[in-house]
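Report on the following structure.
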Amino acid sequence: MHQAIRDHLEDYLRGQATPEGFRAHLESCEDCASEILGLEQQSQTLRSLGNPEIEPRAGFYARVMERIESQRTSVWSLFLERRLGLRIAVASAAMALLLGAYLVGTDPGGMLSSGPSVVLTDNTSAGVADLQPEQVQQQQRDAVLVDLASYHE
């Protein structure tokens, strides 16, 4: 229910004069009109009992509507409950662990390893120790280029 309706609700239910904007809002807003209809029926039921002592105090309907709206729960308030929040946290942690174990266990081609491995080979009769530092660097570059050129995902 909108604030403009709440402000003049008591006057309307008692049959007193209400501003023109009140009635115009009721004609245009179906939600407010249906709530007012229910409140009118309750008010008429109380008046039909004939006992003036049963007349609700001023502000009764406004307090009831405020209390109803304060007790409405949203989806986000469910997460704030202790039990449910704890269960969600535990389930999330378990899911993260399972997903991490799955990713590590099914590592295709060693993608999580430290990097490409370089194999130095020498087709000549000389050993690796006999090579000059420039030749070792060139062989390392060649090996990296071969690894990059032959890489398939």
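The values are calculated or read from the model by the stated rules, or taken from the named source; none is laboratory data. In this text, all values refer to a predicted model and were calculated from it rather than measured experimentally. Neighbour counts are summed over all protein chains in view; Cβ atoms, including those assigned to glycine, are modelled from backbone coordinates with ideal geometry.
Note on the stretch 2-40: residues that are hydroxyl-bearing (Ser, Thr, Tyr) and over 37 Å from the mean Cα position of the chain (by Cα) amount to 2.
For Glu35, the stated conditions hold: it is acidic (Asp, Glu) and at pLDDT 85 or above. Taking the listed residues Val64, Val90, the one that is aliphatic (A, V, I, L, M) and either modelled with pLDDT under 80 or surrounded by fewer than 13 Cβ atoms within 10 Å (Cβ to Cβ) (or both) is Val90, with no other qualifying. Flag set for Arg82, criterion: modelled with pLDDT under 80 and more than 21 Å from Gln3 (Cα to Cα).
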